[in-house]
Amino acid sequence: MNQPIKAFRKTLKGLAAGMTFALLTATALAQTVNDSEVPSTELNLPEKLTVFGSNDPNMRRATAIVNGEIITGTDIDQRLALIVAASGGKTPSDEQLKSLRLEVLRNLIDETLQIQEAAANDIVIQQADINRTYQSVAQGNFRIDPAEMDGFLRKNGSSPYSLKRQIMGELAWQRLLGRNVQPFINVSEEEVQSILKRLEADKGTEEYRLGEIYLSATPNNANEIFQNGRRIMQQLQQGGSFAAYARQWSEATTAASGGDLGWVKLQFLPNELAEAARTMSVGQLAGPIEIPGGFSIVYLIDKRQILSADPRDARLSLKQLAIQFPQGIDEGDATNRAAAFANAAKAIRGCGDAERAAQQVGATIVDNDNVRVRDLPGPLQQTLLNLSVGEATPPFGSVKDGVRVLVLCGRDDPKVATGPSADEMMRTIEDERVNKRAQIYLRDLRRDAVIEYN
């Protein structure tokens, strides 16, 4: 995959952690705070303090000037519309929109700082690279003909400029890291071999592939962040895309990859997350879970045994027989047809007999010779693993979507997993260290920035 497309994996990222800015008003009101549980910090804060002025959370400044460069209200509106479109067009509630606007503004500030720093390092992003990635995003992320992308964005309240600006920011940041960070990352061969040996020693133990949405919190805003996490959970449970929400909300470096932590062992996770993952089924959500520094929402994408062959990696050759019901069909008639279909499926004697059975009940038939078991819906996986060649599954489906059976024509069992190569492991370690350095780099840019709110 080329660099522009890699860079855009971070595009539509939402909403990395930004700076917290103290906005002091000019009023003479003084509020006395008594708090005997002030957390220990290096700031030497008194237990009893007086706050001069008030900070009304309902009074938000909509735009900003970042080192002299203006972020307008239109910029925020168009980027917000882009995020909503990338999430499937589901409109957030008014309360969520208020919070999301603030996060979008923070994200635009970071993006502006990244572009400015790249320019200061004489990094120029060619328009041809931006256009090439723009077309790839139209096809890959939105499944739209590139020629129709401009109209699609405008129809949804965004603009081609907003998306291309975001692409420019991602390309600029990736190239800046490639020049100023990546060359100084060193991973020794001894480190790589040590990790590979530990993997071999752990052969047969379970590891988990998790998605995470991490929301940072302090003692002062923990309840607010927890409630925000609950709202995100509700949206996910109603069918929202975990990857899309992770890109929007997660403050971890994995936000760019849709929150995917990759394959991990539970002992390397915070205890709270490890306990949750241990009891979860594949496809299940949990959270918000309180962990040191904030809250996490986790999604169990998959699990497997380290360096062991997983039956779900078997490749199947299948025939699918399907019947569709006319719109408005009587429930009794649908039940009778489904029963006749079930009887015909039971009578199938191998894949060579599937055509006859299909003709008998008026079913369509489709072949597929390279289906991986783990790519099928969960309830079907074990069913197919228990079949012998030539057998058919019980019928499944609905009146609306039709009823289907799958006939197993062949099965190629997986080879024993060999694990990552030394080169793959080295790249993984390098990427992790680049991400950590990138966080520090961006933090320093924020600290040095001159930001005015309008």
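Listing for the model above:
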quantity	calculated
Cut-off under 5 Å, modelled amide H: who pairs with residue 261 long-range	210, 211, 212
Restraint check, 319/400; 98/155; 155/400, Cα-Cα greater than 28 Å	155/400
By average C-beta atoms within 10 angstrom, highest first, the peptides 169-176, 234-241	169-176, 234-241
Alpha carbon Rg of the stretch 336-454, scaled by the compact-globule rule 2.2 N^0.38 Å	1.93
Accessible area (Å², per residue) of the stretch 69-173, counting only protein heavy atoms and a probe of 1.4 Å	46
Alpha-carbon centroids, the stretch 387-406 and the stretch 312-326: separation in whole Å	7
Segment residue 399-residue 376, extension gain: residue separation times 0.36 nm, minus the distance between their alpha carbons	6.2 nm
Fraction of accessible area attributable to carbon and sulfur, the stretch 233-274 (%, probe 1.4 Å)	46
Tail beyond 16 Å, pair distance distribution of the stretch 170-278 (Cα, percent)	73
Computed FRET value (nearest 0.05) for residue 186 with residue 424, which takes r as the C-beta separation and R₀ as 22 Å	0.80
For peptides 323-336, 205-218, 432-445, sequence by mean Cβ density within 10 Å, most packed first	205-218, 432-445, 323-336
Accessible area per residue, Å², the stretch 192-306 with all protein chains present, probe 1.4 Å	48
For the stretch 113-154 versus the stretch 155-209, the gap between their alpha-carbon centres in whole angstrom	20
10 Å-binned pair-distance histogram of the stretch 127-198 (Cα, whole percent)	17, 33, 19, 18, 12, 2
Order by protection proxy (mean Cβ within 10 Å, highest first), peptides 257-268, 285-296	285-296, 257-268
Residues residue 220 and residue 329, FRET efficiency given R0 of 41 Å [Cβ-Cβ distance, rounded to 0.05]	0.10
Within the accessible area of the stretch 374-454 (1.4 Å probe), percent carbon and sulfur	49
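The values are calculated or read from the model by the stated rules, or taken from the named source; none is laboratory data. Note that the structure is a prediction, hence the values are computed from the model and not measured. For neighbour counting, all protein chains shown are included, and Cβ atoms are generated from backbone atoms with ideal geometry for every residue, glycine included. These accessible areas exclude ligands, DNA and RNA; they are computed on the full protein's heavy atoms, side chains included. Shrake-Rupley method; radii C 1.70, N 1.55, O 1.52, S 1.80 Å.
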